[in-house]
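The values are calculated or read from the model by the stated rules, or taken from the named source; none is laboratory data. Computed from a predicted model, the values in this text were never measured in an experiment. Cβ placement follows ideal geometry from the backbone for every residue including glycine, while neighbour counts extend to all protein chains displayed.
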């Protein structure tokens with residue numbers, strides 16, 4: 001299944017039938033990010049690949065969806081993530097965040113990240129790192145890939 005944004009509860013039900021695993025286009029986060037650099041890397045990995053959705057509030061075990069966890073104050077998290085992306089990535093990629101009610105009633109956040117037409121970098125020490133999504137996890141592009 002290629003990158004498809006998740007914007008409403010029906011999209012969650014369509015994209016997460018039964019025992020859904022993380023994929024090239026889908027990553028689960030049980031809780032909100034606490035470190036800006038982790039959020040920036042998670043966004044950049046999808047922008048530098050084929051796009052994808054970071055589902056915050058999706059509990060997983062072994063890359064397999066387990067259930068929903070309430071995201072406290074989802075609109076505040078969306079604001080925070082927007083600031084992180086603007087301050088920690090260059091150029092700034094497109095991110096389409098959405099607060100959604102999960103089928104069981106919890107508030108969760110979908111960070112929809114379309115593929116970028118240009119390479120997205122995160123400043124690292126005196127250089128840059130280039131996260132990219134591969135299979136079901138994040139890795140980093142080598143100098144030859146950039």
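Filter segment 129-146 down to the residues that are outside any loop (DSSP other than H, G, I, E, B) and surrounded by fewer than 15 Cβ atoms within 10 Å (Cβ to Cβ) and list them by number.
Going through segment 129-146, the residues outside any loop (DSSP other than H, G, I, E, B) turn out to be 129, 131-134, 137-140.
Listed by number, the residues that qualify are 134, 137, 139.
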(request) List every residue pair whose Cβ atoms sit under 6 Å apart, with the two residues 6 or more apart in sequence or on different chains, where the first one lies in segment 112-125 and is under 12 Å from residue 50 (Cα atoms) and the second, anywhere, is in a strand (DSSP E or B) and at pLDDT 95 or above. (result) 112/53; 112/96; 113/52
(request) Looking only at segment 107-116, count how many residues are outside any strand (DSSP E or B) and either touching a helix residue (DSSP H, G or I) at 6+ places or on another chain (Cβ under 7 Å) or modelled with pLDDT under 95 (or both). (result) 2
